[in-house]
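The values are calculated or read from the model by the stated rules, or taken from the named source; none is laboratory data. Because the structure is a prediction, the values reported are computed rather than measured. In this analysis, Cβ positions are derived from the backbone assuming ideal geometry, glycine residues included, and neighbour counts consider all displayed protein chains. These accessible areas exclude ligands, DNA and RNA; they are computed on the full protein's heavy atoms, side chains included. Shrake-Rupley method; radii C 1.70, N 1.55, O 1.52, S 1.80 Å.
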Amino acid sequence: MTEASEATAHSGPSPDPTQRRREQRGWYLYDWANSVFITSVVTVLIGPYLSGLACSSVGADTAEACLDPGLSLGLFGLHPNALYPALTTAAILLQILLLPVVGSMVDHSRNKKRWLFWLAFSGSAATVGLYFATDGYLVASALFVLANLLYGFSIVVYHAFLPEISTADERDRVSVAGWGIGYLGGALLLVVHLVLVLNADALGIDAGHAARIAFASCGVWWVGFTILSLRPLRNRYGALALGGRPRVGASLRQFGRTLKDMRKYPNTILFLVAFIFFNDGVQAAIRYAAPFATQDLGLDQGILITTILIIQFVAFGGAFATGWLARYLGAKNTVLATLVVWSGLVAAAYFLPAGNVPMFIALGVGIGLVLGGTQSLARSLFSQLIPKGREAEYFSLYQISDKGSTFLGSLAVTIAVSVTGGYRVAVVSLIAFFIIGGLLLWRTRMEEGIRAVGNEVPARL
């Protein structure tokens, strides 16, 4: 997209507030671009779609029939309803192996914008490819894993721009704004998908075809707004990029040195481990809301999409509300407060009666209120704990449990669904992730960690 000659040595955020705001607006737009993948594809449509394909392949043509614990796809004895969490677990295992390589290569590059474009383009192409995956569940499964993997790669690059476009005191505001705008973008396209799904019969198509049209539209939206988002951003690079073109071997060796160096920053490590736990709980709760609603609660897809849509709009306001709260309580205390709320929400989900639409929607409103704040403020806090010039490397570790990635949570859900045939027990088990993550975050000394990596301490933490 942009020539390497446009890159400048890593000098941090521009001293010109007008230039910073211009870059920040472009950065926000990538959240608008990519959030439709998580909202419509991952959260709403792909779980029921893959479960439907898998259940049909074993002769279970209704959600009720597919709750039989004795059903098996023949893949390691996998239950058809466990296909989606199993694929998620596989995708995240691949991310664990490959994200550090990508992050290190990005830090060795002088052109983050080009990396972001091609990763987003490839991910959107795999998403569009889901439209054509009609012959069984295997091709659709492979495309979903590929799109999920490329999405994770692109988010590493996207996050790496955050310390470069905002000062320490702007970081919370910018991170919250990006997350909020992403929710709004995801909600707007989800409105279109809701109309499409609810009117599938009138349009002469079945629910599966409607879902595939939605997949294709998400891919087009993702790449189209990515192109617009890149225009105002500047390429910056640090000392790692001075040695020429990035190479896999050199990047791996450098990443190994970075892991050793991280021992100097115990608070960065502690925060990262805390985030992996509590955000695994957040991501698993979001990701498996759709199959829980359709299979355990017996709700139709129209109700599900409507509820997810409500969550998106509430999360848009909730992100800014928690950002405002963080100005008074501090970002760390605000995140801790949201984790208490999360624990209560997943506990309530266990007791949710099947078919009770008002209570399901009320639960969704509660999720929306804390969803954006937990994630956006955590991203801002972690960006303060990264040494300059190594943003992509550190964010590659962070992305293992960021949007769209939840290894431990998916593994727990996969085991619970395989044993019980449903998602109810799996959902309530997520409380453990919020408790462990919250305790580790509480023990993290943010000010000490920020000073250790050489960054400016913001006025309020």
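Of note:
- Residues of the stretch 415-461 satisfying the condition of being of a type in the set (Val, Ile, Thr) and in contact with a Cys (Cβ under 9 Å, 6 or more places away or on another chain): none
- Some residue of the stretch 100-116 being touching a Cys at 6+ places or on another chain (Cβ under 8 Å) and either surrounded by fewer than 24 Cβ atoms within 10 Å (Cβ to Cβ) or in a helix (DSSP H, G or I) (or both): no
- Residue satisfying all of: in the stretch 433-451; of a type in the set (Val, Ile, Thr) and part of a helix (DSSP H, G or I); most open to solvent (accessible area, probe 1.4 Å) among these: 435
- Taken as a whole, the structure leaves residue 348 outside the set of residues that are hydrophobic (A, V, I, L, M, F, W, C), open to solvent by 10 Å² or more (accessible area, probe 1.4 Å) and not in a helix (DSSP H, G or I).
Yes/no matrix, rows are residues, columns are (1) surrounded by 23 or more Cβ atoms within 10 Å (Cβ to Cβ); (2) without any contact (Cβ under 8 Å) to a residue 40 or more places away in the chain; (3) over 20 Å from residue 426 (Cβ atoms); (4) in contact with a strand residue (DSSP E or B) (Cβ under 7 Å, 6 or more places away or on another chain):
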{"site": "281", "(1), (2), (3), (4)": "yes, no, no, no"}
{"site": "299", "(1), (2), (3), (4)": "no, no, no, no"}
{"site": "319", "(1), (2), (3), (4)": "yes, no, yes, no"}
{"site": "332", "(1), (2), (3), (4)": "no, no, yes, no"}
{"site": "340", "(1), (2), (3), (4)": "no, no, yes, no"}
{"site": "358", "(1), (2), (3), (4)": "no, yes, yes, no"}
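- Number of the condition not met by residue 191 [criteria: (1) closer than 30 Å to residue 112 by Cβ; (2) touching a residue at least 24 places away in the same chain (Cβ under 8 Å); (3) more than 15 Å from the chain's Cα centre (by Cα)]: (1)
- Flag if residue 87 is within 19 Å of the chain's Cα centre (by Cα), modelled with pLDDT of 90 or more and closer than 23 Å to residue 289 by Cβ: no
- Checked against the criterion of being open to solvent by less than 20 Å² (accessible area, probe 1.4 Å), in a helix (DSSP H, G or I) and either in contact with a Gly (Cβ under 6 Å, 6 or more places away or on another chain) or farther than 29 Å from residue 104 by Cα (or both), the candidates 126, 211, 177 yield just one match: 211.
- Residue match in the stretch 402-418 (condition: out of contact with any helix residue (DSSP H, G or I) (no Cβ under 9 Å at 6 or more places or on another chain) and assigned to a loop (DSSP other than H, G, I, E, B)): no
- Restricting the stretch 129-148 to residues that are among the β-branched types (Val, Ile, Thr) and touching a residue at least 24 places away in the same chain (Cβ under 8 Å), the residue that is surrounded by the most Cβ atoms within 10 Å (Cβ to Cβ): 145
- Of all residues in the stretch 362-373, those that are closer than 11 Å to residue 282 by Cβ and open to solvent by 20 Å² or more (accessible area, probe 1.4 Å) have Cβ atoms under 8 Å from Cβ atoms of residues that are at pLDDT 90 or above and in a helix (DSSP H, G or I), 6 or more apart or on another chain, in 367/345.
- A single entry from 418, 376, 410, 429 fulfils the requirement of being free of Cβ contacts under 8 Å to residues at least 24 places away in the same chain and of a type in the set (Ser, Thr, Tyr): 429.
- Of all residues in the stretch 417-461, those satisfying the criterion of being at pLDDT 85 or above and among the small types (Gly, Ala, Ser) are 426, 429, 432, 437, 438, 449, 452, 454.
- The stretch 214-231, residues that are open to solvent by 40 Å² or more (accessible area, probe 1.4 Å) and either outside any helix (DSSP H, G or I) or over 21 Å from residue 46 (Cβ atoms) (or both): 227, 228, 231
- Taken together, the residues in the stretch 301-317 that are small (Gly, Ala, Ser) and open to solvent by less than 20 Å² (accessible area, probe 1.4 Å) amount to 2.
- Which numbered condition residue 276 misses (of (1) open to solvent by 10 Å² or more (accessible area, probe 1.4 Å); (2) farther than 17 Å from residue 335 by Cα): (2)
- Scanning the stretch 44-84 for residues that are part of a helix (DSSP H, G or I), surrounded by fewer than 24 Cβ atoms within 10 Å (Cβ to Cβ) and of a type in the set (S, T, N, Q) yields 56, 57.
- Residue pairs meeting the criteria (Cβ under 9 Å; at least 6 apart or on separate chains; first closer than 15 Å to residue 391 by Cα, in the stretch 241-269; second open to solvent by 40 Å² or more (accessible area, probe 1.4 Å) and modelled with pLDDT of 75 or more): 241/110; 258/390; 261/390; 262/269; 265/452; 268/452; 269/263
- Annotation note: of 422, 389, 454, the sole residue that is in contact with a His (Cβ under 8 Å, 6 or more places away or on another chain) and part of a loop (DSSP other than H, G, I, E, B) is 389.
- So residue 380, is it within 19 Å of residue 271 (Cβ to Cβ) and either in a helix (DSSP H, G or I) or open to solvent by 40 Å² or more (accessible area, probe 1.4 Å) (or both): yes
- Of all residues in the stretch 14-36, none satisfies the criterion of being touching a helix residue (DSSP H, G or I) at 6+ places or on another chain (Cβ under 8 Å), at pLDDT below 90 and either more than 15 Å from residue 235 (Cβ to Cβ) or open to solvent by 40 Å² or more (accessible area, probe 1.4 Å) (or both).
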